[in-house]
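Visitor: The structure under discussion is supplied below as structure tokens; questions concerning it will follow.
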Amino acid sequence: MTPGAEGAAGFAPALIRWQRHSGRHGLPWQGTRDPYRVWLSEIMLQQTQVSTVLGYYDRFLQRFPDVHSLAAAPDDDVMALWSGLGYYSRARNLHRCAQTVVSEHGGVFPSSARALETLPGIGASTAAAIAAFCHGERISIVDGNVRRVLSRLLAFDGDQSQSASQRALWDMAQALLPTEPTAADMVAYTQGLMDLGASICSRTRPGCERCPVQSLCLAHSAGTVERYPVKTRKLLRRHESWWLLIWRCASPDGQKVWLERRPARGIWASLYCTPVFSSEALASESPRLAGLVVHELPPIVHSLTHRELRLHPLLVDAPSDRAMTAHADGQWVLLDRLDQVGLPTPLRSLLPQLPA
Ligand code: SF4
């Protein structure tokens, strides 16, 4: 179905009014038309809560105040600042994107959504958000939250795990845009879509009683809200166990741990990690372990998008700080300097709290 004329005409004004009056204001990336800042916030906010992003966003901007400083930074500095935010391909693409903007666009982000979408790591919805926020382009964002809101609003039963249905919903989203909006209208409208999905039309228990577009919502009037969005393909998570061999040694400057850079592809790509083994037997095979006591620490369960990792940390106190493996990109890192390397989230919590 396509949005009815009445719903299409009423949706945008109602959403804009509500956003100006009751939406989120004062977030550090609001009130700017600087594409660098908007882009950075949009990438950080993908799959990540606002409350988590706030600290990272400020630290990132202090270290890299503009696209030139980010483009010129070493990989490790970018990954270290991103460490803990997860979905690390975002950080790698962010860095590549900054380098492309500098080398191919003279340090200026393109202004249209269509051109922005050609840059590394910028998908259609992120491109639309940057173009709408910074240039008032009349284009709709359609991320996961917006897809949920609009499929309920329009009682759209196309399967959102199919790209044809996603495209159909995108067309409907375009039809709902305000007619002849000012740039300020597009800012309020785009932010309104985000705010509605984040704070009212939530995945479970949406707050329909306080929704500014309740009178236009087809799923609400039919009492079928929980049926949307329709998604037949469910996410399947594979279970895997990893053994993490934590070599620790004392030095005059403090305790150090041995970390190796992960391969450029796969889980925790390019981050620093302890040596990883797929079984306890393999972890115990190292001749360097002979005569040393191995402490088993409590396992940690860590969920990734497609995998659930059960991590088994094994702690060993090394007699010296010689290289622990022939790994080309391994190094001893002082425990109080861990913030200078990019670490996977579970190691960021685990390593500073190792038992004495
Ligand atoms: Fe979502 Fe309820 Fe509002 Fe409909 S009325 S858009 S289901 S919050």
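The rows are residues; the columns are (1) of a type in the set (Ser, Thr, Tyr); (2) within 19 Å of the chain's Cα centre (by Cα).
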position: Ser103; (1), (2): yes, no
position: Arg138; (1), (2): no, no
position: Arg147; (1), (2): no, yes
position: Arg152; (1), (2): no, no
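Visitor: Give the residue that is modelled with the lowest pLDDT, with candidates limited to residues of segment 27-67 that are more than 22 Å from Val101 (Cα to Cα) and β-branched (Val, Ile, Thr).
Guide: Checked segment 27-67; the qualifying residue modelled with the lowest pLDDT is Thr48.
Visitor: Residues in segment 81-89: is at least one crowded, with 18+ Cβ neighbours inside 10 Å, of a type outside the set (Val, Ile, Thr) and over 22 Å from the mean Cα position of the chain (by Cα)?
Guide: Checked segment 81-89: no residue is crowded, with 18+ Cβ neighbours inside 10 Å, of a type outside the set (Val, Ile, Thr) and over 22 Å from the mean Cα position of the chain (by Cα).
Visitor: Follow-up. Quick check on Leu216: is it within 11 Å of the ligand (Cβ to nearest atom), buried (at least 18 other Cβ atoms within 10 Å of the Cβ), under 25 Å from the mean Cα position of the chain (by Cα) and touching a residue at least 60 places away in the same chain (Cβ under 8 Å)?
Guide: Details: within 11 Å of the ligand (Cβ to nearest atom): yes; buried (at least 18 other Cβ atoms within 10 Å of the Cβ): yes; under 25 Å from the mean Cα position of the chain (by Cα): no; touching a residue at least 60 places away in the same chain (Cβ under 8 Å): yes.
So Leu216 does not fit the description; no.
Visitor: Do the conditions hold for Ala164, that is, is it more than 9 Å from the ligand (Cβ to nearest atom), among the small types (Gly, Ala, Ser), at pLDDT 95 or above and more than 23 Å from the chain's Cα centre (by Cα)? Steps first, answer last, please.
Guide: Values: more than 9 Å from the ligand (Cβ to nearest atom): yes; among the small types (Gly, Ala, Ser): yes; at pLDDT 95 or above: no; more than 23 Å from the chain's Cα centre (by Cα): yes.
The answer is no for Ala164.
Visitor: If you take the residues in segment 170-207 that are of a type in the set (Ser, Thr, Tyr) and within 16 Å of the ligand (Cβ to nearest atom), which one is surrounded by the most Cβ atoms within 10 Å (Cβ to Cβ)? Steps first, please.
Guide: Our first condition is that a residue be of a type in the set (Ser, Thr, Tyr); within segment 170-207, this holds for 179, 182, 189-190, 199, 202, 204.
From what is left, the residues that are within 16 Å of the ligand (Cβ to nearest atom) are 189, 199, 202, 204.
On the way: Tyr189: 24, Ser199: 13, Ser202: 14, Thr204: 5.
In this case the residue turns out to be Tyr189.
Visitor: Then there's this: Cβ contacts < 7 Å: first residue under 14 Å from Ser202 (Cβ atoms), restricted to segment 146-159; second residue more than 8 Å from the ligand (Cβ to nearest atom) and basic (Lys, Arg), any location; separation 6+ or different chain. Result?
Guide: Close Cβ pairs (under 7 Å, with a partner that is more than 8 Å from the ligand (Cβ to nearest atom) and basic (Lys, Arg)) amount to Arg148/Arg203.
Visitor: Please find, within segment 223-258, the residue that is nearest to Pro299 (Cα to Cα) out of those that are touching a helix residue (DSSP H, G or I) at 6+ places or on another chain (Cβ under 7 Å) and of a type in the set (Phe, Trp, Tyr).
Guide: Trp243
The values are calculated or read from the model by the stated rules, or taken from the named source; none is laboratory data. All values reported here derive from a predicted model rather than from experimental measurement. Glycine gets a Cβ as well: all are built from the backbone with ideal geometry, and neighbour counts include every protein chain shown.
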